[in-house]
């Protein structure tokens, strides 16, 4: 008689034949702090997508901590991908996060031209709170604009949307008409769908969605302080849903709700803000309904 371990596995419907989408993820790896690949990989995996990481840099932790080990992986990226080509791997999608320099954007373009994934989500990590990150030069911004033309979905925060469109930034108060003007500029660079994040009013977080000239504002009640890694969580949910052909606005609502639950739980548990969100406790909310 088989021992009852108390654990029962139910084969997900989408995995009965072992055929789930395969996603390449070009992003940095931060060992501590719940951001980038550290959060994206488990979230996308929970949504039944195979994740294959390509590191752009390796960090001991993100930069909000007083000390950080950082290694730029640029010199190794092409050799890494050359072996993937030799092995004739194929990918249904690409999710691209932090790119530290112009050469890395060129590597992404080479990946897209060779592997030709059907879905490409670009999260143009360039800055926040009105300021560009120290690694973002004018040349970097121009090269990021060139990548936009390949993307089916882009998820800039409002700072990045302003940087990409040469729009003056302001801390708050962007009107729907101003957001539409920014989106029109982005749409001239990107034929895909646009989701602008990082917007807020007194008691809500707001995501602005632009699809084929139509737009919508999606408001989610604020659940607590903004934390590192929430943008990574947001983009991860959108790309996993996109690979299953799910509608974008519904995915944005799902991602915003999931992040709100994680923030609320993190505040309740007393997790320090710079340690990100307690997402592990809420992964079950992303499991597909069977």
Count - residues of region 98-117 that are more than 12 Å from residue 77 (Cα to Cα), free of Cβ contacts under 8 Å to residues at least 40 places away in the same chain and either buried (at least 22 other Cβ atoms within 10 Å of the Cβ) or in contact with a helix residue (DSSP H, G or I) (Cβ under 9 Å, 6 or more places away or on another chain) (or both): 3
Boolean, residue 205 is crowded, with 21+ Cβ neighbours inside 10 Å, closer than 26 Å to residue 286 by Cβ and modelled with pLDDT of 95 or more: no
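For region 155-182, enumerate the residues that are part of a helix (DSSP H, G or I) and in contact (Cβ under 8 Å) with a residue 40 or more places away in the chain. Let's see the steps before the verdict.
Applying the first criterion (part of a helix (DSSP H, G or I)) to region 155-182 yields 158-165, 176-182.
Passing the criteria: 158, 164, 176.
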Residues of region 106-120 satisfying the condition of being assigned to a helix (DSSP H, G or I) and either touching a strand residue (DSSP E or B) at 6+ places or on another chain (Cβ under 9 Å) or at pLDDT below 95 (or both): 107, 108, 111, 112, 115
Any hit, region 128-139, residues being out of contact with any strand residue (DSSP E or B) (no Cβ under 9 Å at 6 or more places or on another chain), without any contact (Cβ under 8 Å) to a residue 24 or more places away in the chain and outside any loop (DSSP other than H, G, I, E, B): yes
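Which of the residues that make up region 141-154 are part of a helix (DSSP H, G or I) and crowded, with 20+ Cβ neighbours inside 10 Å?
Let us first name the residues in region 141-154 that are part of a helix (DSSP H, G or I), namely 141-148.
Within region 141-154, 144, 147, 148 meet the criteria.
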Any hit, region 183-206, residues being farther than 28 Å from residue 62 by Cβ, free of Cβ contacts under 8 Å to residues at least 24 places away in the same chain and in contact with a helix residue (DSSP H, G or I) (Cβ under 8 Å, 6 or more places away or on another chain): yes
Residue in region 82-105 that is at pLDDT 95 or above, in a loop (DSSP other than H, G, I, E, B), out of contact with any strand residue (DSSP E or B) (no Cβ under 9 Å at 6 or more places or on another chain) and more than 19 Å from residue 239 (Cα to Cα) present: yes
Flag if residue 165 is in contact with a strand residue (DSSP E or B) (Cβ under 6 Å, 6 or more places away or on another chain) and either on the phi > 0 side of the Ramachandran plot or at pLDDT 90 or above (or both): no
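Any idea which of 225, 260, 242 is touching a strand residue (DSSP E or B) at 6+ places or on another chain (Cβ under 8 Å) and farther than 28 Å from residue 187 by Cα? Break it down stepwise before answering.
Numbers: 225 fails: touching a strand residue (DSSP E or B) at 6+ places or on another chain (Cβ under 8 Å); 242 fails: farther than 28 Å from residue 187 by Cα.
Just a single option satisfies the conditions, and that option is 260.
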Positions within region 208-249 being at positive phi and in contact (Cβ under 8 Å) with a residue 24 or more places away in the chain, in sequence order: 213, 224, 229
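The values are calculated or read from the model by the stated rules, or taken from the named source; none is laboratory data. Please read all numbers here as calculations on a predicted model, not as lab measurements. In this analysis, Cβ positions are derived from the backbone assuming ideal geometry, glycine residues included, and neighbour counts consider all displayed protein chains.
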